[in-house]
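Please treat every number below as a calculation from the coordinates, not as lab data. No experiment lies behind these values; they were computed from the predicted model shown. Cβ sites come from the backbone with ideal geometry, for glycine too, and all protein chains shown count toward neighbours.
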Amino acid sequence: AMGRYYRDFNDTNESIFHDSVALDCGAAPGGWSKFLADDMKCKMVYSVDPGKMTIDLANVDHLQMKIQDAIPIIKERNAKIKIFVSDMCLHEMEAQLEFLLLARKEGILEAETFFVLTLKVTGGYSKAHFDGEAKKVMDALHAKADVGIKTRDTA
């Protein structure tokens with residue numbers, strides 16, 4: 001997934017993310033965080049995961065906790081998130097949206113935050129099942145977010 005995003009970013013304008021602040025939810029072991037810190041050149045990456053990270057970079061701050069506990073800490077630091085990556089493995093994929101909306105409600109997102117959502121189906125392996133679950137997430141995102149949403153499928 002990271003390789004596809006990197007290719008897509010290079011096809012667009014990756015420099016818009018340089019010196020940005022990123023939030024990586026479900027960060028362990030650290031692949032997305034490393035990508036954001038090194039390849040996207042984010043000045044700070046808040047890597048949130050109760051698990052251990054396998055990377056140690058100066059511009060990566062591992063908050064070893066759940067995202068709902070990390071959001072108030074990030075808010076206290078007056079951080080404004082430009083890139084929000086959710087790579088959490090949750091039983092209900094839609095729950096990832098609740099954390100994005102909580103971050104927005106708490107005022108830690110920039111006005112035009114780039115949201116990367118990786119969807120993991122925990123039951124059923126058919127394409128039809130995955131597509132149905134992904135549609136539920138997209139429908140929920142459109143219903144709950146009162147802002148313009150641009151989607152891009154890189155599967």
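Data overview
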item: Amide hydrogen neighbours beyond the local backbone of VAL45, cut-off 5 Å, H modeled; result: ALA22, VAL60, ASP61
item: Long-range amide H partners of PHE115 with built H, under 5 Å; result: PHE84
item: 5 angstrom amide H check on LEU109, placed H, neighbours 5+ away; result: ILE81
item: Spacing of the two label points (7 Å from each Cα toward its C-beta) at LYS105 and ASP139, in nm; result: 2.3 nm
item: HN-Hα J in Hz across region 80-90 - Karplus 6.51, -1.76, 1.60, θ = phi - 60°, x for Gly and Pro; result: 10, 7, 9, 10, 10, 9, 10, 10, 6, 9, 10
item: Principal semi-axes in Å for region 35-75 [√(5λ), Cα gyration tensor, largest first]; result: 18, 12, 7
item: Integer Hz, Karplus 6.51/-1.76/1.60 couplings in order for region 47-54, x for Gly and Pro; result: 9, 10, 5, x, x, 8, 9, 9
item: 15 Å beta-carbon shell around ASP49, net charge (K/R +1, D/E -1); result: -1
item: Modelled label reach - MET65, point 7 Å along Cα→Cβ, region 19-42 residues with backbone N closer than 12 Å; result: none
item: Distance histogram in 5 Å bins (all Cα pairs of region 15-94, percent per bin); result: 3, 17, 29, 26, 16, 6, 1
